[in-house]
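Below is one structure, written out as structure tokens, with a few remarks after it.
The values are calculated or read from the model by the stated rules, or taken from the named source; none is laboratory data. All of these numbers come straight from a predicted model, not from anything done at the bench. Neighbour counts run over all protein chains shown; Cβ positions are idealised from the backbone, glycine included.
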């Protein structure tokens, strides 16, 4: 019985030692405070508003936050009602702020959330390719533009943009 007690004591000591050596996370890895989380949650919910101006304003305000805010917004995608429109609006706002990696992620969220025949898909594909281009990932941009599935022609307003981006990305 003493051997079991010694093993248990050793295990408890090791557990205590491992807990004592845990470092505090860096400030930028800690989520925003509760008040800011509430603000961001309200902005997230408004980004998908039927009113274009309300949704764009909410996305723009949310995109002006720091990395902690942007990570918190990403966490809301898994816990709040999802909307491809809100994800696209947020991606556009992030792109305007030069947050191209985050913007790509949001365009991809919108793309993956839509059915295969949705008319927004070619626009999102273009947006993702443009973010790749802005990140210097020219081959990825070309591949995304060139490897569309299906035979549905591009919308007439989008075709010139596709072609121009393809040309720029191909030139690298």
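Please verify whether the stretch 21-41 includes one or more residues that are within 17 Å of the chain's Cα centre (by Cα), at pLDDT 90 or above and within 30 Å of residue 136 (Cβ to Cβ). Yes, the stretch 21-41 contains at least one residue that is within 17 Å of the chain's Cα centre (by Cα), at pLDDT 90 or above and within 30 Å of residue 136 (Cβ to Cβ). If you go through the stretch 143-154 and keep only what is in a loop (DSSP other than H, G, I, E, B) and out of contact with any helix residue (DSSP H, G or I) (no Cβ under 6 Å at 6 or more places or on another chain), you end up with 147, 148, 149, 150, 151, 152, 153.
Per-residue answers, yes or no, for (1) assigned to a loop (DSSP other than H, G, I, E, B); (2) farther than 24 Å from residue 46 by Cβ:
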{"residue": "80", "(1), (2)": "yes, no"}
{"residue": "98", "(1), (2)": "yes, no"}
{"residue": "103", "(1), (2)": "no, no"}
{"residue": "108", "(1), (2)": "no, no"}
{"residue": "118", "(1), (2)": "yes, no"}
{"residue": "131", "(1), (2)": "no, no"}
{"residue": "141", "(1), (2)": "no, yes"}
{"residue": "156", "(1), (2)": "yes, yes"}
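Conditions tested, residue by residue: (1) within 13 Å of the chain's Cα centre (by Cα); (2) buried (at least 23 other Cβ atoms within 10 Å of the Cβ); (3) over 17 Å from residue 147 (Cα atoms).
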{"residue": "71", "(1), (2), (3)": "yes, no, yes"}
{"residue": "78", "(1), (2), (3)": "yes, no, yes"}
{"residue": "90", "(1), (2), (3)": "yes, yes, yes"}
{"residue": "106", "(1), (2), (3)": "yes, yes, yes"}
{"residue": "114", "(1), (2), (3)": "no, no, yes"}
{"residue": "118", "(1), (2), (3)": "no, no, yes"}
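The set of residues from the stretch 153-168 being closer than 17 Å to residue 124 by Cβ and touching a residue at least 24 places away in the same chain (Cβ under 8 Å) comprises 154, 155, 158, 161, 162, 165, 166.
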